[in-house]
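A.B. asks: Handing you this structure, nothing more for now.
The values are calculated or read from the model by the stated rules, or taken from the named source; none is laboratory data. Everything numeric in this text was worked out from a predicted model, so none of it was measured. FYI the Cβ positions are ideal-geometry reconstructions off the backbone, even for glycines, and counts take in every protein chain you see.
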Amino acid sequence: MRTVEEHQRVVAGLITMRPAMALPLSETLGLVLAADVAAPMSLPVFDNSAMDGYAVLASDIPVGTSAEHPVTLPVAEDIPAGRTDALTLKPGTAHRIMTGAPLPDGATAVVPVELTDAGTDTVEIRGTATEGQHLRRAGEDVTAGTTVLRAGQVITPAALGLAAALGLGELSVRPRQRVLVMSTGTELVSSGTALEPGQIYESNAVMLAAAVRDAGGEVVAAPMAGDDVEEFRAALAAHVGAHKAGVDLIITTGGVSAGAYEVVKDALGGDDQSVEFVKVAMQPGMPQGAGHVGAVPIITLPGNPVSALVSFEVFIRPALRAAMALPRTHRPVRAAVVTEQLTSPHGKRQFRRGVLDAEAGTVTSYGPPASHHLRWLASANCLVEIPEDVAEVDAGATVRVWDLSG
Ligand code: AMP
Ligand code: MG
């Protein structure tokens, strides 16, 4: 049997990083920058007002100006934000000006509207004005040419705001991995269709597609196929072929264990095929497969829903994130004290679903170890990792847990 680490290495070796590419800003949130970004221009772009008020020459407002000793100036211009003509302030006049509007040449201060009578023909100024007050100078935020974002940085809403303010339409990024998720099983039916006896609703493709997106990847399709080898091969080829731009990874579920109708194994496991089917010393998730279909890497996960998602967590998620240069490739691993006795099969790494109380530093296993108990998985917040050589964990012992919220 393969160890967990051995299979992790095989999977990580299959998934390769795509070349950096320029993408429109709207498609880059959460991706990693592939190149430094130098500001193509300065910000602010031009000197402008920081307040709604009046642009003046500070020297026109004598020291001691107040509500009791106001100064009245004629209002020569009205400058809303967006006015594009060049204006000059003549000494002894004021321009009414709004926040973000271009400062007229010659103005040296802005008096906030709250310190005036808000006049439009003349304005009564009721406070002093110091040179430079309430002005935003061109370039005081960003000087053209400065490196403002670094390669390797995750693109946040704020980073996008900055890029947009600099007039950039695209960013060079590590693109998302494009993943085809395919579930197998003749018993599977989509929601919305009434179940015949013996049928169940498909859940792995829905769950794994979400897990791919949650890991930062893109799902190109998440179809299902029955347990017929020819049908499965044809569906796989059709879905890969339908995505001319490319599929970077195929994930299948089901059809890889020891039964009589193991469609994935039967379709891809022959000597002439480049998918290797192995047993990994873990529970759940022992039957695994990995290789290529044509040039596309494929990971074949077991069909039991808990096995499928735990296998995704253990093998695919870290490799997928690494292939997008994303940080936090691995879930945070924490030490926690178990609240009850747990048993685990000797010789296998067990991943139990658990509820971690991070504050108390304790973990309680959640639901039975068998791999069809989806209900418990749905409300667990961690995986409890029990090593291969441990068959019993006493209450009060410390274990490693994978924090699924991290
Ligand atoms: P298999 O690995 O194909 O033998 O499937 C193992 C178990 O998981 C069986 O009970 C299947 O019905 C169930 N199963 C397999 N694939 C799915 C799926 N996509 N959605 C829900 N259950 C599934
Ligand atoms: Mg099956």
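A.B. asks: Considering only region 362-385, state which residues are among the small types (Gly, Ala, Ser), away from ligand 2 (no atom under 16 Å from the Cβ) and over 15 Å from Leu404 (Cα atoms). Quick ask: steps written out before the conclusion?
C.D. replies: From region 362-385, those among the small types (Gly, Ala, Ser) are 365, 367, 370-371, 378-380; that's our starting set.
Narrowing further to those that are away from ligand 2 (no atom under 16 Å from the Cβ): 365, 367, 370, 378-380.
Residues satisfying the conditions are Gly367, Ala370.
A.B. asks: Looking only at region 77-91, count every residue that is surrounded by fewer than 17 Cβ atoms within 10 Å (Cβ to Cβ), in a loop (DSSP other than H, G, I, E, B) and under 48 Å from the mean Cα position of the chain (by Cα) and tell me the total.
C.D. replies: 7
A.B. asks: Let me ask another. Might you check whether a residue that is touching a Pro at 6+ places or on another chain (Cβ under 7 Å), in the same structural domain as Ala67 (by TED's automatic domain parsing) and not in a loop (DSSP other than H, G, I, E, B) occurs anywhere in region 108-115? Don't jump to the end; show me each part of the working.
C.D. replies: So the first thing to find is which residues in region 108-115 are touching a Pro at 6+ places or on another chain (Cβ under 7 Å), and the list is none.
Within region 108-115, none of the residues are touching a Pro at 6+ places or on another chain (Cβ under 7 Å), in the same structural domain as Ala67 (by TED's automatic domain parsing) and not in a loop (DSSP other than H, G, I, E, B).
A.B. asks: Are there any pairs, at least 6 apart or on different chains, whose C-beta atoms fall under 6 Å, with the first in region 153-167 and touching a residue at least 60 places away in the same chain (Cβ under 8 Å) and the second among the hydroxyl-bearing types (Ser, Thr, Tyr), and if so, which?
C.D. replies: Ile155/Thr28
A.B. asks: For region 142-166, which positions are under 30 Å from His243 (Cα atoms) and not in a helix (DSSP H, G or I)?
C.D. replies: First, the residues of region 142-166 that are under 30 Å from His243 (Cα atoms): 151-157, 160.
Across region 142-166, the qualifying residues are Ala151, Gly152, Gln153, Val154, Ile155, Thr156.
A.B. asks: For region 167-279, which fully contained helices (runs of 4 or more DSSP H) count at least 2 residues that are under 28 Å from Glu5 (Cβ atoms) and more than 16 Å from ligand 1 (Cβ to nearest atom)?
C.D. replies: Result: 204-214.
A.B. asks: Just name the residue that is farthest from ligand 2 (Cβ to nearest atom) out of those in region 270-295 that are buried (at least 18 other Cβ atoms within 10 Å of the Cβ) and without any contact (Cβ under 8 Å) to a residue 60 or more places away in the chain.
C.D. replies: Selected residue: Val293.
A.B. asks: Still on this structure: Quick check on region 300-314: of everything there that is within 16 Å of ligand 1 (Cβ to nearest atom) and assigned to a helix (DSSP H, G or I), which residue is surrounded by the fewest Cβ atoms within 10 Å (Cβ to Cβ)?
C.D. replies: For region 300-314, the residue satisfying everything is Pro305.
A.B. asks: Next up: Any residue at all in region 165-187 that is within 16 Å of ligand 2 (Cβ to nearest atom) and among the hydrophobic types (A, V, I, L, M, F, W, C)?
C.D. replies: Within region 165-187, one or more residues are within 16 Å of ligand 2 (Cβ to nearest atom) and among the hydrophobic types (A, V, I, L, M, F, W, C).
A.B. asks: Also, I was wondering about something else. Answer yes or no: is there a residue in region 198-214 that is closer than 20 Å to Ala378 by Cα, more than 16 Å from ligand 2 (Cβ to nearest atom) and among the basic types (Lys, Arg).
C.D. replies: Checked region 198-214: at least one residue is closer than 20 Å to Ala378 by Cα, more than 16 Å from ligand 2 (Cβ to nearest atom) and among the basic types (Lys, Arg).
A.B. asks: Is it the case that Gly347 is in contact with a strand residue (DSSP E or B) (Cβ under 8 Å, 6 or more places away or on another chain) and either at positive phi or surrounded by 15 or more Cβ atoms within 10 Å (Cβ to Cβ) (or both)?
C.D. replies: The answer is no for Gly347.
A.B. asks: Is it the case that region 385-397 has a residue that's at pLDDT 95 or above, in contact with a helix residue (DSSP H, G or I) (Cβ under 8 Å, 6 or more places away or on another chain) and closer than 21 Å to Val4 by Cβ?
C.D. replies: No; the residues of region 385-397 include none that is at pLDDT 95 or above, in contact with a helix residue (DSSP H, G or I) (Cβ under 8 Å, 6 or more places away or on another chain) and closer than 21 Å to Val4 by Cβ.
A.B. asks: Criterion first (modelled with pLDDT of 95 or more and hydrophobic (A, V, I, L, M, F, W, C)) does Ala308 satisfy it?
C.D. replies: Here the answer is yes, as Ala308 does meet what is asked.
A.B. asks: Ok, one more. What's the total number of residues in region 49-76 that are in a loop (DSSP other than H, G, I, E, B) and closer than 16 Å to Leu87 by Cβ?
C.D. replies: 1
A.B. asks: Okay, moving on. Working only within region 92-133, note down all residues that are in contact with a Ser or Thr (Cβ under 7 Å, 6 or more places away or on another chain) and surrounded by 20 or more Cβ atoms within 10 Å (Cβ to Cβ).
C.D. replies: Arg96, Ile97, Ala101, Leu103, Pro104, Ala109, Val110, Val123, Ile125
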